[in-house]
Amino acid sequence: NAGVTQTPKFQVLKTGQSMTLQCAQDMNHNSMYWYRQDPGMGLRLIYYSASEGTTDKGEVPNGYNVSRLNKREFSLRLESAAPSQTSVYFCASSEYGGTGLPDTQYFGPGTRLTVL
Amino acid sequence: GNSVTQMEGPVTLSEEAFLTINCTYTATGYPSLFWYVQYPGEGLQLLLKATKADDKGSNKGFEATYRKETTSFHLEKGSVQVSDSAVYFCALRSENFNKFYFGSGTKLNVKP
């Protein structure tokens, strides 16, 4: 059982380049998320997808786009990378709890992105 | 709005010492509350959770009680081990929405 997988693990980009971060989960979860982690700031939500076919903005969506390709996969795209997007990016998926809302989140190992 | 505030780290303790990491939150209604742990080079993993007021979450010797009156969810452990060295995140999921909010994390160093 792989859980949540992310590719690549590391990436270095030049300012203005584009790239897509891939995420897949094999737990049949409906909800998926993209976060960025910066020193002293915890995790900040970029985008999330409550279910296949839907996406919504989080706290810091500017400069990013997402695609919920199917129930398993949720990708994050940087169209024109900037140094301010240097960060560690985590994908997560969530099962639903007894409240009918997302409960425990399961995280991937992260992608460390540097934009020069 | 929703937010989570954690005590700043790093926290350095000797093995077998008592641990408290403070967490307070701002939210409307009755959010669900979580503690996650992150070991070096890894993603976050759930440590414990509580979904309603006065619930106590517990796991691996860690405990936290959901206190609505003080809007707090402090993490405690009676006797820490070197293997508990990690970064700990407090988080909430708002009552009626699909979003999660995380604190800034507290790094714990346990010395032998």
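Nothing in this text is a laboratory measurement; each read-out follows from the coordinates by a stated rule. The structure displayed is predicted, hence computed values, not measured ones.
In chain A, the convex hull through the Cα atoms has an average projected area of 7.0 nm², a quarter of its surface area.
Total lysine pairs in chain B at Cα distances under 22 Å, for residues eight or more apart or on different chains: 18.
Compute log10 of I(q)/I(0) for chain B with the Debye formula, placing one identical point scatterer on every Cα and leaving out solvent, at q = 0.15, 0.19, 0.23, 0.24 Å⁻¹, to two decimals. For chain B, the Cα-only Debye profile gives -0.58, -0.92, -1.29, -1.39.
With the largest listed first and rounded to whole Å, the semi-axes of the equivalent ellipsoid of the protein assembly as shown from the Cα gyration tensor are 29, 21, 15. Residue separation of A:Thr7 and A:Leu69 scaled by 0.36 nm, minus their Cα-Cα distance, works out to 20.8 nm of gained length.
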